[in-house]
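All remarks here apply to the structure that follows.
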């Protein structure tokens, strides 16, 4: 048995209600809101992606080492 998404059901009902409104500013604003809400719900249902982390380099440490070598204590 499939789980029903309450937000999707709400938006579907809102969309049907907006279709019954007379043409004009109120209908345009309601359509814009439903469109925004659709996009928002889609983002909520999309799993986040982790950013790609670049491979660390010794040079990346230099600003934090205060003059010490990132290659170890015996390097010049």
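The values are calculated or read from the model by the stated rules, or taken from the named source; none is laboratory data. This is a predicted model, so every value here is computed, not measured. Every residue, glycine as well, gets a Cβ built from its backbone with ideal geometry; the counts of neighbours run over all protein chains shown.
Please go through the range 16-58 and pick out each residue that is part of a loop (DSSP other than H, G, I, E, B), more than 16 Å from the chain's Cα centre (by Cα) and under 30 Å from residue 72 (Cβ atoms).
Residues satisfying the conditions are 53, 54, 55, 56, 57.
What about residue 19, is it surrounded by 10 or more Cβ atoms within 10 Å (Cβ to Cβ) and at pLDDT 90 or above?
Spelling it out, residue 19 is indeed surrounded by 10 or more Cβ atoms within 10 Å (Cβ to Cβ) and at pLDDT 90 or above.
Enumerate the pairs (first residue in the range 41-68 and surrounded by 10 or more Cβ atoms within 10 Å (Cβ to Cβ); second residue anywhere and part of a helix (DSSP H, G or I) and modelled with pLDDT under 90) with beta-carbon separation below 6 Å, excluding pairs fewer than 6 apart on the same chain, so at least 6 apart or on different chains.
From the range 41-68, the pairs are 41/7.
Report yes if residue 13 is in contact with a helix residue (DSSP H, G or I) (Cβ under 9 Å, 6 or more places away or on another chain) and part of a helix (DSSP H, G or I), otherwise no.
no
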